[in-house]
Amino acid sequence: MTHTARTGAAATGETRAGMGATDEARPGKVMTPDEIVGRLVSGMTLGIGGWGSRRKPMALVRALLRSDVTDLTVVSYGGPDVGLLAEAGRIRKLITAFTTLDSIPLEPHFRAARERGALELVELDEAMFMQGLTAGAQRLPFLPVRAGLGSDVMRVNPRLRTVTSPYEDGEELVAVPALRMDAALVHMNRADRFGNGQYLGPDPYFDDLFCEASDRAYVSCERIVDSGQLTADAAPQTMLISRHAVTGVAETPKGAHFTSCVPDYGRDEPFQKAYATAAADPEAWGAFHDRFLAGTERDYQLAVQAWHKEQR
């Protein structure tokens, strides 16, 4: 999938000391998760990559929960990223095609937030959502799509408009508005210190579009490697994200947990089940939060390891 090049804030990025032996004299964009979140502000529109409970930038989401950033408009093919932020009261408006844990059909915190009217919801068809991201990446005001015609998507989104083809067919299409974001958070299997991001699993999702449709994009990854290793160990087409669209990159091993990051690891189904079970009971959720979400990322990873040992 090819997209237009970006210019502006995301093309420059914040420079820090680099990693690896290649191009040592060139500045890198390596940051910590807390430094990345320190660039986010309340009231912004934030895109979060991944898909459902797959390759979500959960370490960055957990860092966001440790901050005081709130009043967010979140754009996401939603999973536990949306659930956690909704439970914490950080989302004012959600733009999504779904919010699921995949093996658990509906994200429980999202369900609860929706039932109590805690956030404004803009619900789009999956194809409409993709076209909105594509329009944002290409700096177009909208893109036409057939998806949504004759469905309740048009009813529940009365602001959506249709356009008529200017050609002989005269076909009526939905004009999907561009999804433009102030910042995006995505997770990759590998990246170099300049922000080039590589996926190694079966699906790229739409992380490249999230980055290119945002003013600033931040990539977390399982491992930062030397630039040459990205194409030495895998096919060039796995290079999903180009450094021109990236402002900062952070190495976060197991940073997508408890979602999957194939082939590095699959979804942690037992832990996801414990998460969903706790979400249904305020007292149980309080204990879950105190154990797993009250500390640092290292505290989280150690607590998860200890929890798994207890289950044996």
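So for the chain, averaging the separation of alpha carbon pairs under 8 Å that are six or more residues apart and normalising by length, what relative contact order in percent results?
Taking the mean separation of contacting Cα pairs over the length of the chain, I get 21 percent.
Comparing Ala234, Ala86, Ala59, which has the greatest mean-square fluctuation in the GNM of the chain with Cα pairs linked when under 10 Å apart?
With Cα springs under 10 Å in the chain, the top fluctuation among Ala234, Ala86, Ala59 is at Ala234.
Taking every DSSP beta bridge with both residues inside the chain, roughly what % is antiparallel (nearest 5)?
Approximately 30 percent, going by the DSSP bridge assignments.
Provide the per-residue ³J(HN,Hα) series for the stretch 148-160, in order, calculated from phi with Karplus coefficients 6.51, -1.76, 1.60 and θ = phi - 60°, each as a whole number of Hz, with x at glycine and proline positions.
x, 5, x, 10, 6, 4, 5, 6, 7, 10, x, 7, 5
Using a Förster radius of 22 Å, what is the FRET efficiency between Glu310 and Asp290 based on their Cβ-Cβ separation? Nearest 0.05, please.
That pair, Glu310 with Asp290, gives E of 0.90.
If you build a Gaussian network model of the chain, linking Cα atoms that sit under 10 Å apart, which residue out of Val37, Val246, Val186 swings the most?
Highest fluctuation among the options: Val37.
Write down the percent of antiparallel bridges among all DSSP beta bridges whose residues are both part of the stretch 77-214, to the nearest 5.
Just about 60 percent of them are antiparallel.
Name all residues of the stretch 169-205 having a backbone nitrogen under 20 Å from the label point set 7 Å from the Cα of Leu149 along its Cα→Cβ direction, giving them as ranges.
Counting only backbone N, you get 169-178.
Give me Rg over Rh for the stretch 175-312, both radii from the alpha carbons and Rh done the Kirkwood way, two decimal places.
Ratio of gyration radius to Kirkwood radius: 1.03.
Give me the extension gain from Asp226 to Thr277: residue separation times 0.36 nm, minus the current Cα-Cα distance, reported in nm with one decimal.
Length gained, Asp226 through Thr277: 14.3 nm.
Taking a label point 7 Å from the Cα of Ser67 along the Cα→Cβ vector, which residues of the stretch 31-52 have an amide N closer than 17 Å to it?
Backbone N within reach: 31-49.
Given DSSP loops and a limit of at most 16 other Cβ atoms within 10 Å, what is the longest stretch of the chain that contains no such GluC sites (Glu not before Pro)?
25-167
Out of residues 5 or more away from Val30 or on other chains, whose amide H comes under 5 Å of its own, with H placed 1.01 Å from N in the peptide plane?
Residues meeting the criterion, in which the H sits 1.01 Å from N, are Arg16, Val249.
Grab the DSSP H runs of the chain that are 4 residues or longer, score each as -39,500 (n - 2.57), total them, divide by all residues and round the 222 nm result to the nearest 500 deg cm²/dmol.
-8500 deg cm²/dmol
Apply the Karplus curve 6.51 cos²θ - 1.76 cosθ + 1.60, θ = phi - 60°, to the phi angles in the stretch 251-268 and return the couplings in whole Hz, x for Gly and Pro.
My calculation for the stretch 251-268 gives 7, 9, x, 6, x, 9, 4, 9, 6, 7, 9, 5, x, 5, 6, x, 5, 7 Hz in order.
Alpha carbon centre of the stretch 63-86 versus the stretch 137-171: separation in Å?
29 Å
Just so you know, all these numbers are worked out from the coordinates, no wet-lab data involved. Computed from a predicted model, the values in this text were never measured in an experiment. Note that we place each Cβ from the backbone using ideal geometry, even for glycine, and neighbour counts take in every protein chain shown.
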